[in-house]
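Engineer: My questions all concern the structure below.
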Amino acid sequence: MVSSETHQQVAREIKDSLDRFKEGIPQLTELLEAFEELLVARSIARLEIPTPDLSTVEIDSMRFSQGSPILNDRKIDVDTGSVKKVALLIIPAMQKGFPKLHNALERFTNFIDNDNTAMNTLQLVLESGSRETMEELASRLDIPLSILQFICSELAKPFAEKLSGTLAPMIEGLTWLKGYCPICGSWPGLSVLRENEGKRFLTCSVCGHDWQYMRTQCPFCENADHEKLEIIFSQDRKSERAELCHVCKKYIVGIDTRDLINPPHPSTAPFGLIYLDFLAQDRGFSPGATLAISQDLTL
Ligand SMILES: [Zn+2]
Ligand SMILES: [Zn+2]
């Protein structure tokens, strides 16, 4: 059990970071408020999950250097005791932020509270991530598939983050030249410039791991021709940008933290930069990683 002081500190950092975005971009207030409790719950859930036992994990440095992520053939481990704990944090936060999901979340809560197969079923769904098991559960609970996917991806996220945080020290110092995550193999959702030299780091959209990557290369197709890469930004928020690739027509949003006194909390950045997603998508580009936000949920 992590102290409530730590919980409060995490909550404060996230809320402050969202407040700064709201102040700068008032049009995003409604959306950011919808996600606020969920982002706090996610971070607290991660603190509450016990550190996974990785004593059997071996890193094959040859395969790794050739671009094979560590979890390539493995699944995330989810223990049933923690699923319940995580659900008790995440579901009420979703209920507060997304009134449109009220009925679906009620049915989901009912399932957790009253069905004694619930935890094993959820463990299976979260660990396998398979569409088939998800579809089966969606029809059993009478919840639209896309909503169940949203719920389950939020439940799985703290486990993925906990696992990647525990694995990260094992690959420190090893070379990784790919645009996808060295731990789970997913695409990055955020590009961050930091340190004086402006080193570029990509942040995984699923497990939150970040790794250094070539500054002028598209992570999705490895195009390094700078004439085919473009950066767009809003004149009054120059440290925030969308990096467009004219070869694969994908983009990634990013932030240059070097001149920022208070860089945004990493979990809030994809939400505060959503206006750049709209700009890039208006230009015909699509996100390299699946966006965490479906407008449909809040509006
Ligand atoms: Zn990852
Ligand atoms: Zn590209």
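The values are calculated or read from the model by the stated rules, or taken from the named source; none is laboratory data. Everything numeric in this text was worked out from a predicted model, so none of it was measured. For neighbour counting, all protein chains shown are included, and Cβ atoms are generated from backbone atoms with ideal geometry for every residue, glycine included. Accessible surface areas use protein heavy atoms only, side chains included; no ligands, DNA or RNA. Shrake-Rupley method; radii C 1.70, N 1.55, O 1.52, S 1.80 Å.
Engineer: Could you tell me how many of the residues in the range 180-203 are free of Cβ contacts under 8 Å to residues at least 60 places away in the same chain, buried (at least 22 other Cβ atoms within 10 Å of the Cβ) and either in a loop (DSSP other than H, G, I, E, B) or away from ligand 2 (no atom under 16 Å from the Cβ) (or both)?
Structural biologist: 0
Engineer: Count, please, the residues in the range 67-91 that happen to be out of contact with any Asp or Glu (no Cβ under 8 Å at 6 or more places or on another chain) and under 29 Å from L32 (Cα atoms).
Structural biologist: Qualifying residue count, the range 67-91: 5.
Engineer: Please pick out the residue among R215, R241 that is more than 16 Å from ligand 1 (Cβ to nearest atom), out of contact with any His (no Cβ under 6 Å at 6 or more places or on another chain) and open to solvent by less than 50 Å² (accessible area, probe 1.4 Å).
Structural biologist: That would be R241, the only listed residue that is more than 16 Å from ligand 1 (Cβ to nearest atom), out of contact with any His (no Cβ under 6 Å at 6 or more places or on another chain) and open to solvent by less than 50 Å² (accessible area, probe 1.4 Å).
Engineer: Limited to the range 218-238, what total is found for residues that are open to solvent by 20 Å² or more (accessible area, probe 1.4 Å), within 15 Å of ligand 2 (Cβ to nearest atom) and in contact (Cβ under 8 Å) with a residue 60 or more places away in the chain?
Structural biologist: Residues that pass the stated criteria total 1.
Here is a yes/no grid of residues against (1) without any contact (Cβ under 8 Å) to a residue 40 or more places away in the chain; (2) assigned to a helix (DSSP H, G or I):
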{"site": "L39", "(1), (2)": "no, yes"}
{"site": "L47", "(1), (2)": "no, yes"}
{"site": "E58", "(1), (2)": "yes, no"}
{"site": "V78", "(1), (2)": "no, no"}
{"site": "I90", "(1), (2)": "no, yes"}
{"site": "A93", "(1), (2)": "no, yes"}
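Engineer: Within the range 12-26, is even one residue buried (at least 16 other Cβ atoms within 10 Å of the Cβ), assigned to a helix (DSSP H, G or I) and of a type in the set (G, A, S)?
Structural biologist: yes
Engineer: Please determine, by comparing only the residues of the range 163-179 that are in a loop (DSSP other than H, G, I, E, B) and in contact with a helix residue (DSSP H, G or I) (Cβ under 9 Å, 6 or more places away or on another chain), which one is most open to solvent (accessible area, probe 1.4 Å).
Structural biologist: L177
Engineer: Could you check the range 250-274 and list, in sequence order, the residues that are under 19 Å from the mean Cα position of the chain (by Cα), closer than 26 Å to E222 by Cα and open to solvent by 40 Å² or more (accessible area, probe 1.4 Å)?
Structural biologist: K250, P266, P270
Engineer: Being surrounded by 14 or more Cβ atoms within 10 Å (Cβ to Cβ), at pLDDT 95 or above and not charged (D, E, K, R) is true for just one of A93, A118, A156, A160. Which residue is that?
Structural biologist: None of the other options fit; the residue is A93.
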